[in-house]
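Only one structure is covered here, and it is reproduced in the block below.
Any read-out appearing in this document is the output of simple, stated calculations on the displayed coordinates, not a laboratory observation. This one's a predicted model, so the numbers in the text were calculated from it and none came from an experiment. With ideal geometry, Cβ positions are generated from the backbone for all residues, glycine too; neighbour counts draw on all protein chains shown.
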Amino acid sequence: MASEAALDAVRPRAAARAVTPRRERALVRAAQRGDAAALEALFRAHWPAAYRAAWFVVRDAQAAEDIAQEAFLAAVAALDRFDRRRPLAPWLRTIVARRAIDALRARNLRREVGDAALAALPSAQREPPAGDLADALAALPDDQRTVVVLRHVLELTPGEIAAVLGVPRGTVNSRLRRGLDALEPWGRGAR
Amino acid sequence: MSGRRDPLRDLRAPGEPDARRRAWDVASAAFEERAARAGRAGRAPVWRRPALVAAAAAALLVAALSPPGSAVAGWLGDAVRSVVEEDRPPARASGLDELPGGGRVLVLAAPRDGGPAEPWIAGDAGHRRLTGPVHDATWSRAGRFVGLARGSELLAVDLHGRRRWTVAAPGPVHALRWSPDGYRVAYTAGAELRLVAGDGTGDRRVAFRRRAGTTTAFPALAWRPGARHVLAFADRRTLFVADTDERRVLWRRRSPNLTTVEFSADGTRLLAAGRRRVSVLAARDGRTLAQARARPGTTLAAATWARTGRRLALVRRTATRAEVLVGRPARNRIRLRRLFAAGELSLAGFSPDGRWLLVDWDETGTWLFLPVDGGRARQLTAAGRRFRARDATPRSWCCPP
């Protein structure tokens with residue numbers, strides 16, 4: 001088992017390094033055989049996107065941590081039953097997306113008082129204000145922000161997003177378009 | 001997607017390094033547990049591998065007889081031992097996997113960075129962190145799930161921290177209590193006492209107090225064991241016992257400032273404790289069966305039944321120290337004897353077999369396992385460190401066989 005210190009020593013850039021489908025299949029096979037280093041490689045490859053996506057959807061570090069953790073625990077629990085011919089990433093990311101959306105909906109049902117971010121409206125100004133792309137993304141309305149995060153952080157397809165959200169695919173595309181248009185001044189507009 | 005690197009993919013979220021470290025701890029622990037299970041299930045007994053054992057023994061003999069080989073004899077000895085001992089259970093990582101009295105303990109561990117407490121479990125179900133910060137936690141009846149309170153959210157997770165359901169409450173959630181049959185969870189949310197089914201559905205209000213102030217309106221709750229869903233709850237002045245299925249109050253009595261109510265395991269008696277007095281009441285009609293008062297200059301801090309229902313424990317505090325007392329109700333009185341005394345103590349409860357009492361000795365960071373029938377006490381020092389925390393408070397000990 002790689003130590004905690006060894007994991008911490010991994011540079012952030014390396015932690016987010018993409019894993020090819022072939023390499024991922026090999027890692028899943030190794031993890032099924034009990035190779036902890038393979039699990040660690042899968043964790044490094046997929047956890048950052050899971051946490052970031054959850055955070056940008058729910059904007060709550062504790063909830064995001066739980067969502068990403070639950071997704072990985074589900075993966076560990078299902079490891080023996082997992083079909084090695086299927087890619088792991090879409091399955092894991094769909095779990096994260098569903099949990100994050102459930103958490104967001106539960107929170108909205110609560111109608112929290114004093115959560116200024118929930119009431120934030122998309123900025124009408126076209127010039128980049130103070131703040132960065134992360135602030136701008138966080139300030140998008142829930143429906144647009146969720147779609148942008150699922151598409152560009154979790155890399156789900158519009159069809160997968162429509163299935164997760166339970167809305168028509170055209171709605172996903174229009175929300176995505178409006179969200180990306182709002183982010184354009186920060187360098188992430190529609191292209 | 002264009003060929004350019006998408007800047008949205010490079011965004012960082014707050015708290016990522018710490019969250020990543022904690023998540024890896026949990027994931028790797030779950031993986032180790034899975035590997036250990038698979039290893040125990042799939043490994044052939046050592047007697048089926050005589051050739052391997054014989055070869056290793058022969059090698060050891062050759063090494064011992066040969067001067068040049070004597071240097072490696074120790075290593076070979078270790079190798080033989082590892083073959084022979086391979087089928088034994090793995091060494092315990094800490095003193096938390098096997099508790100005196102068995103069962104499992106629910107712990108709230110306050111992190112070293114001063115953040116809110118996180119729920120952990122220790123004991124026969126493993127030793128692991130369940131989720132991020134919460135402010136209250138309770139076992140389900142059989143100890144297969146944990147109910148957690150986080151702000152205005154009530155959630156149920158399994159013993160691996162996987163979320164089973166969530167309820168959005170109308171106010172800060174406190175005082176969770178899972179019914180003995182597992183089909184109801186009672187909790188307070190600000191000024192309300194509420195009830196939800198054990199699967200997270202059917203959330204509804206049971207009682208309401210307009211002048212709740214900043215603290216919870218119902219500081220003490222308990223379910224009665226039995227077929228009906230009978231709940232005891234106390235506001236600032238009155239103790240109620242109600243059938244929540246029929247939505248009917250069975251009886252009430254004036255009992256100001258109760259901090260604890262708890263039914264005995266057979267459901268016939270109700271322990272009702274405040275800072276000045278502890279009473280044992282008849283569960284059927286609220287009649288006082290026995291009681292004890294705090295001496296002048298002392299207060300009562302906690303009280304709980306042993307699983308058998310014949311014995312109870314409580315903490316009595318003076319200005320400088322605390323005492324753990326155990327006793328039996330008899331002839332209108334509760335005869336108490338002192339089990340342990342020290343500076344600052346709090347009760348976590350009796351072991352599932354009723355023979356041990358778990359006490360948190362706060363100022364030393366030590367958990368004490370006190371044998372109530374006599375014998376040698378055991379202790380777990382530096383309890384916080386075992387949960388990677390500044391402080392670890394045992395909340396309750398689960399579950400009766």
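How many Cβ atoms of partner chains, on average, are near each residue of B:158-167 if near means within 10 Å of its Cβ? Don't skip to the answer; put the middle values down first.
Numbers: counts 2, 0, 6, 4, 7, 8, 0, 2, 7, 3.
Mean number of neighbouring Cβ atoms from other chains: 4.
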By average C-beta atoms within 10 angstrom, highest first, the peptides B:330-342, B:12-24: B:12-24, B:330-342
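Over 17 Å, how big is the tail of the calculated P(r) for segment B:115-247, in percent of all Cα pairs?
Values: 4904 of 8778 pairs.
Percentage above 17 Å: 56.
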For B:Asp203, residues with placed amide H under 5 Å, excluding near neighbours: B:Ala197
Could you list which residues have their amide H under 5 Å from that of B:Phe208, counting only those 5 or more apart in sequence or on another chain, with H placed in the peptide plane? B:Leu193
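In which sequence would B:Thr244, B:Thr288 go, from the one with the fewest C-beta neighbours within 10 Å to the one with the most? Intermediate results must be reported in sequence, preceding the final value.
Details: B:Thr244 19, B:Thr288 12.
Taking fewest neighbouring Cβ atoms as first place, the list is B:Thr288, B:Thr244.
Can you pull the percent of Cα pairs in segment B:290-401 with separation above 17 Å?
On the way: 3364 of 6216 pairs.
Of all Cα-Cα distances in segment B:290-401, 54 percent exceed 17 Å.
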Please list the non-local residues whose amide H lies under 5 Å from the amide H of B:Ala290, H modeled 1.01 Å from N, same-chain partners needing a gap of 5 or more. B:Val280
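Going by the alpha-carbon gyration tensor, a ≥ b ≥ c the square roots of its eigenvalues, is segment B:96-187 rounded (a/c under 1.5) or, if a/c is not under 1.5, prolate (a/b greater than b/c) versus oblate? Don't skip to the answer; put the middle values down first.
Working: a/c = 2.03, a/b = 1.18, b/c = 1.72.
Since a/c reaches 1.5 but b/c is at least a/b, the shape of segment B:96-187 is classed as oblate.
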Rank-order B:100-108, A:135-143, B:343-351, A:169-177 by packing density, defined as the average count of other C-beta atoms within 10 Å over each peptide's residues, highest first. B:100-108, B:343-351, A:135-143, A:169-177
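Viscosity 1.002 mPa s, temperature 20 °C: Stokes-Einstein D of segment B:348-401 from its Kirkwood Cα radius, in µm² per second? All intermediate terms of the calculation are to be shown ahead of the outcome.
Details: Rh = 11.6 Å.
Diffusion coefficient, whole number: 185 µm²/s.
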Considering every residue in A:57-66, what mean count of other chain Cβ atoms within 10 Å of its Cβ is obtained? 6
10 Å beta-carbon shell around B:Gly267, net charge (K/R +1, D/E -1): +3
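Just want to confirm a number: the relative contact order over segment B:104-202, from Cα pairs under 8 angstrom separated by 6+ residues, in percent.
Reported as a whole number, the value is 17 percent.
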Could you tell me which of rounded, prolate or oblate describes segment B:279-325, using a ≥ b ≥ c as the square roots of the eigenvalues of the alpha-carbon gyration tensor, with rounded for a/c under 1.5 and, failing that, prolate when a/b is larger than b/c and oblate otherwise? oblate
So if I average 1/r over every pair of distinct C-alpha atoms in segment B:232-320 and take the inverse, what Kirkwood radius in Å does that give? 13.5
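P(r) tail for segment B:181-238, what percent of Cα pairs lie past 13 Å? Each step should come with its number before you reach the end.
On the way: 978 of 1653 pairs.
Considering segment B:181-238, 59 percent of its Cα-Cα pairs are separated by more than 13 Å.
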